[in-house]
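**Student:** Once you've had a glance at the structure underneath, I'll fire off some questions.
The values are calculated or read from the model by the stated rules, or taken from the named source; none is laboratory data. Values in this document were obtained by computation on a predicted structure and should not be read as measured data. Backbone-built Cβ (ideal geometry, glycine too); neighbour counts: all protein chains shown.
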Amino acid sequence: MRLTGILFIFAVFLTACESAEKVEITVYKSATCGCCKKWVSHLEENGFEVISHDVSDVNVIKQKYGVRQDLASCHTAMVNGYVIEGHVPASDIKRFLSNPVTNAIGLTVPGMPMGSPGMEGNRKDDYNVYTFTKDNKIAVYSSH
Ligand SMILES: [Cu+2]
């Protein structure tokens, strides 16, 4: 009886911690990028704690974190040591973080496809989210 009581309190405590704890993601973008701001809002709406940095040259960040030119988009983000490049949906980031791909640098949506989060408009194009790895392997992670 007493042990179940303690376990119950422990379970309640764990649940409370889990819901309060937001995943922190750091975003590097240029101050004038509107779609970057909209992507930040998309992350916040989906429970991420966003730390946003305006930088004068986003390419410096991309080079530093191993984002090749052909994989690049507007903004670059870091979460749990992984790179999130471009307009990656929050749902893909969450799925990736719960089960990261071996050797992955991170996820990318190259370019800025219309209809991706932060790029909403009057058109919605098909686009892929890719994983890219330290040994230069690029694979489709999800299609939207
Ligand atoms: Cu953009």
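Conditions (1) within 16 Å of the ligand (Cβ to nearest atom); (2) in contact (Cβ under 8 Å) with a residue 60 or more places away in the chain; (3) surrounded by fewer than 18 Cβ atoms within 10 Å (Cβ to Cβ), marked per residue:
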site: HIS42; (1), (2), (3): yes, yes, no
site: GLU85; (1), (2), (3): yes, no, no
site: MET112; (1), (2), (3): yes, yes, no
site: PRO117; (1), (2), (3): yes, yes, no
site: GLU120; (1), (2), (3): yes, yes, yes
site: THR131; (1), (2), (3): no, no, no
site: ASP135; (1), (2), (3): no, no, yes
site: VAL140; (1), (2), (3): no, no, yes
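**Student:** Does VAL88 satisfy the condition of being part of a loop (DSSP other than H, G, I, E, B), closer than 21 Å to ALA104 by Cα and in contact with a helix residue (DSSP H, G or I) (Cβ under 9 Å, 6 or more places away or on another chain)?
**Tutor:** yes
**Student:** Right, something else. Just checking, how many residues over segment 16-39 are modelled with pLDDT of 95 or more and either out of contact with any Gly (no Cβ under 6 Å at 6 or more places or on another chain) or at positive phi (or both)?
**Tutor:** Summing the residues that are modelled with pLDDT of 95 or more and either out of contact with any Gly (no Cβ under 6 Å at 6 or more places or on another chain) or at positive phi (or both) in segment 16-39 gives 14.
**Student:** To continue, here is another question. Somewhere in segment 30-38, is a residue under 10 Å from the mean Cα position of the chain (by Cα), surrounded by 13 or more Cβ atoms within 10 Å (Cβ to Cβ) and over 21 Å from SER143 (Cβ atoms)?
**Tutor:** Scanning segment 30-38 turns up no residue that is under 10 Å from the mean Cα position of the chain (by Cα), surrounded by 13 or more Cβ atoms within 10 Å (Cβ to Cβ) and over 21 Å from SER143 (Cβ atoms).
**Student:** Scan segment 96-110 for residues that are touching a residue at least 24 places away in the same chain (Cβ under 8 Å), surrounded by fewer than 17 Cβ atoms within 10 Å (Cβ to Cβ) and assigned to a helix (DSSP H, G or I) and jot them down.
**Tutor:** Hit for segment 96-110 is LEU97, nothing else.
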